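Scroll down for the structure; my scribbles are underneath it.
The values are calculated or read from the model by the stated rules, or taken from the named source; none is laboratory data. None of these values were measured; they are calculated from a predicted model. Note that we place each Cβ from the backbone using ideal geometry, even for glycine, and neighbour counts take in every protein chain shown.
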Amino acid sequence: MVTPNQNSPNVLSEEILAEARRECDEIIRRAQQESASLLAAATAEAEKIRREKLDAALAEAARRSELILATVPVEIGRLRSARIEAILENIREEARRQLLVRNSDGHETVVALAAEAIRRMPGTDFVLKISAADQAAFGDKLAGEILQRAGRSPLNLTISADPTMTGGGIIVQDAAGIRIWDNRLLARLERLWPELRRQIALQTSLVGNNKSNGGVA
């Protein structure tokens with residue numbers, strides 16, 4: 001039997017090829033390990049980023065929710081105030097409408113309003129302006145009735161019809177036209193409305209007792 005020569009070209013070639021195969025297998029093994037390690041690291045990083053984004057999204061959602069919830073009472077208050085204002089304005093318009101409607105106590109109203117103004121104004125000579133309709137309806141006795149109701153003497157009253165006047169009531173001015181008391185019903189409503197508005201809101205429980213005069217919000 002012939003023993004192979006360890007130094008023969010065939011033997012050396014086979015050893016080189018075997019070594020190359022071993023190195024190749026090692027390279028493949030290490031590459032597979034590194035690939036698995038890189039894949040695991042990438043997966044972990046992706047999961048970390050996902051969690052961070054999710055946490056950020058949840059935090060932003062919570063922040064926006066808090067902001068929205070914080071505006072709810074303000075919006076409720078705004079809507080309630082707007083509704084109250086609308087109700088009160090409807091009441092005011094209804095009061096104006098009623099004052100513009102002729103009623104059976106118009107004569108007594110003019111006498112009372114005129115006497116009220118005259119009692120509070122200095123002087124003895126006054127011009128009393130009423131609507132043309134009231135002058136035609138009340139006749140010539142109106143001045144005497146106002147004199148009696150005013151409880152002052154001497155007084156000189158002149159009744160004058162004003163075609164521009166509507167809604168009833170009277171305007172009283174001194175003879176010089178310096179002092180004027182507008183006691184028309186609509187004018188009185190405008191002057192008294194802030195307090196009337198407050199009282200209506202309180203008595204109908206639209207607002208609480210601790211609200212300032214005129215305020216409803």
* Structure fact -> Cβ pairs under 7 Å, 6+ apart or interchain, first in segment 124-136 and outside the structural domain of Gly106 (by TED's automatic domain parsing) and over 13 Å from Ala114 (Cα atoms), second at pLDDT 85 or above and surrounded by 22 or more Cβ atoms within 10 Å (Cβ to Cβ), ordered by first then second residue, are none
* To do: Test each condition in (1) modelled with pLDDT of 90 or more; (2) under 26 Å from Ala95 (Cβ atoms); (3) among the hydrophobic types (A, V, I, L, M, F, W, C) for Ile159 and report the one that comes out false.
  => (2)
* So Ala143 clears everything in (1) out of contact with any strand residue (DSSP E or B) (no Cβ under 9 Å at 6 or more places or on another chain); (2) free of Cβ contacts under 8 Å to residues at least 24 places away in the same chain except one condition, right? Which one? -> (1)
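One residue is enough: does segment 149-156 have a residue meeting the conditions of a type in the set (Ser, Thr, Tyr) and either at pLDDT 90 or above or under 20 Å from Arg96 (Cα atoms) (or both)?
To start, the set of residues in segment 149-156 that are of a type in the set (Ser, Thr, Tyr) comprises 153.
Now drop any that are not either at pLDDT 90 or above or under 20 Å from Arg96 (Cα atoms) (or both), which leaves none.
So far as segment 149-156 goes, no, none of its residues is of a type in the set (Ser, Thr, Tyr) and either at pLDDT 90 or above or under 20 Å from Arg96 (Cα atoms) (or both).
So which of Ile84, Ile16, Ile49 ends up being at negative phi and touching a residue at least 40 places away in the same chain (Cβ under 8 Å)? Break it down stepwise before answering.
Details: Ile16 fails: touching a residue at least 40 places away in the same chain (Cβ under 8 Å); Ile49 fails: touching a residue at least 40 places away in the same chain (Cβ under 8 Å).
Criteria check complete, one pass: Ile84.
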